[in-house]
Amino acid sequence: TMNIQIYGSKKCFDTKKAERYFKERRVKFQSVDLLRFGLSGKEFDSVLRAVGGIDNLIDWDSRDPDITLMKYMDDKRAKEDKVFEDPTLLKTPIIRNGKQATAGYCPEIWASWE
C-alpha cells in the first residue's frame, strides 16, 4: 500500500492537480501545508536523497531574488540550508511515499508506485 503525503501550498496549482490525481485513484493521502509547517530536518534529508539532490528541489521558475542568487551558488550545503529555512523556494508539490519522493507534478513517477 502507498503512504502518501502531499506537501504543498493552497495557492499552488500543481498541488491541487496532485491531490486530484490521488483522489481519482482512491489513494488516501495526508496534506501538509508546506508554508505553515515546512519539512522536518529528517523529512527534508529523506526528500533530498529521493529526488537526487537540492537542485531538483528548488523552484527554478520562481521570480524570488533568492532563486536568482542560487543559480550562481556552488555550495550545495548553503543552498540546502537556505531552502530548508525558506519553504517558499521549494518546487511544489513535494509528494512522499515512504522513502520515495517527487518534487513538482510527476504523475508518471507516481503511477510506478501503485
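Where a number appears in this text, it was derived from the coordinates with a stated rule and is not lab data. These numbers come from a predicted model, not from an experiment. Here Cβ is always computed from backbone atoms with ideal geometry, including for glycine, and neighbour counts include all displayed protein chains.
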Value of [θ]222 nm, deg cm²/dmol, for the chain, DSSP H segments ≥ 4, -39500 (n - 2.57) each, nearest 500: -12000 deg cm²/dmol
Equivalent ellipsoid, region 70-114 (semi-axes from 5 times Cα gyration tensor eigenvalues, Å): 25, 10, 10
Expected-Rg normalisation [2.2 N^0.38 Å, Cα atoms] applied to region 16-80: 1.36
Per-selection Kirkwood Rh - the chain (Cα, Å, 1 d.p.): 14.3 Å
Listed pairs LYS17/LYS82; LYS11/LYS91; LYS11/LYS76; LYS16/LYS42; LYS28/LYS79; LYS11/LYS71 exceeding 22 Å between Cα atoms: LYS17/LYS82; LYS11/LYS76; LYS16/LYS42; LYS28/LYS79; LYS11/LYS71
Longest site-free stretch - the chain; sites: chymotrypsin sites (Phe, Trp or Tyr not before Pro), DSSP loop, at most 13 other Cβ within 10 Å: 1-59
